[in-house]
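Down below is the structure, laid out as structure tokens.
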Amino acid sequence: MRSSKAVLLAIAAVCVALLGVALYLQLVKNMLPCPLCVAQRYAFAAIAVCSLLAAVLPRLAQRLCIVLGLAAALGGVWYAGQHLQVLANPDMSCGTDPLEVALNKFFLSDWLPTVFKANGLCDTPYPPILGLPIPGWAMVWFLIFAVALALQLFAPRPRSIFGKLR
């Protein structure tokens with residue numbers, strides 16, 4: 001298996017790249033983020049931060065960061081699933097709801113409103129990318145990150161030829 005540090009750094013890099021894609025779709029393609037989109041952005045950001053911290057911290061703290069990143073990935077799966085459900089049922093909407101109000105009052109929506117301010121509707125039918133809607137792609141990536149982080153969490157600890165931990 002590859003070095004856990006390399007895997008964790010790769011996970012963080014892909015999360016940052018996905019946030020970049022989200023900003024591209026928002027700023028260039030004028031696809032406004034809804035509350036569920038913003039919640040998924042928070043999940044990608046949390047996975048990236050946890051993975052970066054896990055890559056530089058000692059083993060015990062690394063495991064805690066991996067658990068937190070795994071929890072963020074599973075939360076992202078849930079939010080992406082909710083978003084897919086809204087898209088599948090056009091009569092549902094997440095318009096002005098408690099999630100939007102809470103997300104827009106969170107301090108990051110004031111500091112980085114371009115990234116974390118929810119001002120779109122969840123039921124807006126944007127065209128699919130390579131056959132999948134945007135939250136479908138988010139779901140795929142969240143599942144990939146969840147599996148990769150779980151594998152890192154349960155990977156055997158490296159040992160030297162003398163049986164001691166390296």
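Contact map, the range 9-35: residues that are over 18 Å from Tyr79 (Cβ atoms) paired with residues that are basic (Lys, Arg), Cβ distance under 9 Å, separation 6+ or inter-chain. Pairs shown: Ala10/Arg2. Annotation note: of Ala39, Ala48, the sole residue that is closer than 22 Å to Gly120 by Cα and in contact (Cβ under 8 Å) with a residue 24 or more places away in the chain is Ala39. Exactly one residue out of Ala13, Ala61, Ala6 is modelled with pLDDT of 95 or more and either small (Gly, Ala, Ser) or over 16 Å from Pro135 (Cβ atoms) (or both): that is Ala13.
When the test is whether a residue is among the small types (Gly, Ala, Ser), assigned to a helix (DSSP H, G or I) and farther than 23 Å from Gly81 by Cβ, Ala43 does not pass it. Exactly one residue out of Ala55, Ala61 is part of a helix (DSSP H, G or I), farther than 17 Å from Ile144 by Cβ and without any contact (Cβ under 8 Å) to a residue 40 or more places away in the chain: that is Ala61. Mind checking which residues of the range 1-22 are part of a helix (DSSP H, G or I) and polar (S, T, N, Q)? Listed by number, the list holds a single entry, Ser4.
Quick grid of which residues meet (1) over 18 Å from Gly20 (Cβ atoms); (2) at pLDDT below 95; (3) buried (at least 20 other Cβ atoms within 10 Å of the Cβ):
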position	(1), (2), (3)
Val38	no, yes, yes
Cys50	yes, no, yes
Leu57	yes, yes, no
Leu70	yes, no, yes
Leu74	yes, no, no
Ser93	yes, yes, no
Thr96	yes, yes, no
Val115	no, yes, no
Leu143	yes, no, no
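Residue count for the range 23-36 satisfying the condition of being buried (at least 20 other Cβ atoms within 10 Å of the Cβ) and in a helix (DSSP H, G or I): 2. When Arg59, Arg63, Arg41 are screened for being under 15 Å from Met139 (Cβ atoms) and of a type in the set (D, E, K, R), only Arg41 passes. If you go through the range 117-135 and pick out every residue that is surrounded by fewer than 19 Cβ atoms within 10 Å (Cβ to Cβ) and touching a His at 6+ places or on another chain (Cβ under 9 Å), you end up with 1.
The values are calculated or read from the model by the stated rules, or taken from the named source; none is laboratory data. Because the structure is predicted, anything quoted here is derived from the model rather than measured. Cβ atoms come from the backbone with ideal geometry, glycine included; neighbour counts cover every protein chain shown.
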